[in-house]
Amino acid sequence: MLPGDEKMVERCLQGDDAAWETVVNSYAKRIYNLTYRYTGRRAEAEDLTQEIFIRVYQNLKSFRSDSGSFQGWIMKVGRNLIIDQYRRTRRFPQAAGTEEMESMNLKDEKLPNPQRGVEQTEASRFLREGLQALSPELKEAIILRDLEGMAYQEIAEFLGIPEGTVKSRINRGRLELAKLLTKRRTQARMQV
Amino acid sequence: MQCEVVEERLSEYVERTLPHEEMVRVAEHLQECPGCLRLMEEMRSILVGCKAFPSYEVTTALLDRILLRTSGRPRSRTLREQLRAYFVQPVLTPRFAMSAGLVLLFVALAAALMIPRVNVVASVLSPRGLLLQMDRGVQQIYSEGLKLYSAKNEWQNQLTYFKNNMLGKLGFMIEQLDVPVEGKKKPADQKQQEKRPGQKSSAWLLPA
């Protein structure tokens, strides 16, 4: 929990608009990136981010500081909305072929081999597409662990599932991504 | 160790969270199985790719939308944003660009016409310019004085000449006009006596 979050929430509940603005400024980036990783499209991520903050604003009263951090609570609200959105639309649209497929500058000092460097750049490009191909549970686990950098214990608490299940989902998600990437590379070689 | 078992533990192997013994067993399998080795390498690539996954900044437009839809209060602007809103954004409009272009053209023309004069004024206002100007003024006054003096001398000479020559000739001519018409010659002393004070004569005009 960020220092002063609890007081900030109290001020928000008392109608202090400046405090609410501080909350939005503090968490907007994290929520936006989370939604972007789920949806793979900026416009949809923006709409979802907006919806999440509206939901947070409307439900501020239900936040209890003794039941967890404010950040965790916001993330939960966000996750629930993302899942709702997924159920409504059944699946998020594929991010492949969008203008957002910028190349990423990867630096892996442990693997100086140029061939491996090229392969990793390809992997990171593929990641956006690959994530959309995973089932919601696996995608969620990968996003929280590998993109958001949360610990297994934290994810287990966040999702309300055992830590073993979290580890299993993460392993299955990574394996699926690795298999998809291998398949894609094989196809690319066949075309050449 | 079978491939399925290795696959189950691959994630922990990549993260190096497996117990030492199992790490060794998985490593041994990977040395023997190219398929699992390839899978492990791809998983490692994906993890590196995840670390490099871009983190995007939220646009101010989105923050505005969120605040307007929730508290209804517009976002407070930073000093930079305020400066941008007041000074930069108006500049980036076609109307301003047109006006600025016209003003620049006008200023350029005015400067082209004014700058030579400004240079002259500036040179005159310098100490050296002021001294030169004063010197020029004094010389002009002196030359004007000289001209007046020579003109005065000229007029004086002309007057003297007129007085000495022209009036003398005029007196002579008047004397000639005073000769009697009827042919009676009178002696010179008689003529003098016959002259009365009220009688008309031009002799008084003659110089003494």
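The values are calculated or read from the model by the stated rules, or taken from the named source; none is laboratory data. The shown structure was predicted, so the numbers you read here are calculated from the model rather than taken from an experiment. Cβ: placed from backbone, ideal geometry, glycine included. Neighbour counts: every protein chain shown.
Got a number for residues in the range A:156-192 being hydrophobic (A, V, I, L, M, F, W, C) and surrounded by fewer than 16 Cβ atoms within 10 Å (Cβ to Cβ)?
Of the residues in the range A:156-192, 4 are hydrophobic (A, V, I, L, M, F, W, C) and surrounded by fewer than 16 Cβ atoms within 10 Å (Cβ to Cβ).
Kindly list, by first and then second residue, each pair from a residue in the range B:65-93 that is more than 7 Å from chain A (Cβ to nearest Cβ) to a residue that is surrounded by 11 or more Cβ atoms within 10 Å (Cβ to Cβ) and outside any loop (DSSP other than H, G, I, E, B), limited to pairs with Cβ atoms under 6 Å and residues at least 6 apart or on different chains.
Close Cβ pairs satisfying both conditions: B:Pro90/B:Phe96.
Going by what's in this entry, would A:Gly78 be described as away from every other protein chain (no Cβ under 14 Å) and assigned to a helix (DSSP H, G or I)?
Criteria not met by A:Gly78.
What number goes with the only condition from (1) in a helix (DSSP H, G or I); (2) touching a helix residue (DSSP H, G or I) at 6+ places or on another chain (Cβ under 9 Å); (3) within 13 Å of chain B (Cβ to nearest Cβ) that A:Ile155 does not pass?
Among (1) in a helix (DSSP H, G or I); (2) touching a helix residue (DSSP H, G or I) at 6+ places or on another chain (Cβ under 9 Å); (3) within 13 Å of chain B (Cβ to nearest Cβ), the lone unmet condition for A:Ile155 is (3).
Quick check: anything in the range B:79-99 of a type in the set (Asp, Glu) and closer than 30 Å to A:Phe53 by Cβ?
yes
For the range B:10-39, give me the residue count where each residue is within 11 Å of chain A (Cβ to nearest Cβ) and either exposed (fewer than 12 other Cβ atoms within 10 Å of the Cβ) or closer than 16 Å to A:Glu176 by Cβ (or both).
Residues meeting the conditions: 7.
Of all residues in the range A:28-45, count the ones that are in a helix (DSSP H, G or I) and more than 10 Å from every other protein chain (Cβ to nearest Cβ).
6
Only one of A:Asp66, A:Asp108 is at pLDDT 75 or above and either part of a loop (DSSP other than H, G, I, E, B) or surrounded by fewer than 14 Cβ atoms within 10 Å (Cβ to Cβ) (or both). Can you tell me which? Before the answer, list the steps.
On the way: A:Asp108 fails: at pLDDT 75 or above.
Residue meeting the stated conditions: A:Asp66.
Determine whether the range A:112-135 contains at least one residue that is modelled with pLDDT of 85 or more and either more than 14 Å from chain B (Cβ to nearest Cβ) or not in a helix (DSSP H, G or I) (or both).
yes
For the subset of the range A:142-151 comprising residues that are more than 16 Å from B:Leu10 (Cβ to Cβ) and either within 11 Å of chain B (Cβ to nearest Cβ) or hydroxyl-bearing (Ser, Thr, Tyr) (or both), which member is surrounded by the fewest Cβ atoms within 10 Å (Cβ to Cβ)?
That would be A:Gly149.
Which of the following residues is closer than 22 Å to B:Val6 by Cα and touching a Gly at 6+ places or on another chain (Cβ under 7 Å): A:Leu134, A:Leu175?
Only one candidate qualifies: A:Leu134.
Restricting to the range A:4-27, and then to whatever is part of a loop (DSSP other than H, G, I, E, B) and more than 28 Å from the chain's Cα centre (by Cα), can you tell me which residue is surrounded by the most Cβ atoms within 10 Å (Cβ to Cβ)?
Across the range A:4-27, the extreme among qualifying residues is A:Asp16.
May I ask you to list the residues in the range A:169-184 that are within 8 Å of chain B (Cβ to nearest Cβ) and in contact (Cβ under 8 Å) with a residue 40 or more places away in the chain?
A:Leu177, A:Leu181
Specify which of the listed residues (B:Leu131, B:Leu167, B:Leu146) is at pLDDT below 80, assigned to a helix (DSSP H, G or I) and more than 23 Å from the chain's Cα centre (by Cα).
Step by step, each of B:Leu131, B:Leu167, B:Leu146 is checked, and only B:Leu167 is at pLDDT below 80, assigned to a helix (DSSP H, G or I) and more than 23 Å from the chain's Cα centre (by Cα).
Could you identify the single residue in B:Ser55, B:Ser76, B:Ser45, B:Ser71 that is surrounded by 12 or more Cβ atoms within 10 Å (Cβ to Cβ), under 30 Å from B:Glu15 (Cα atoms) and among the small types (Gly, Ala, Ser)?
B:Ser45
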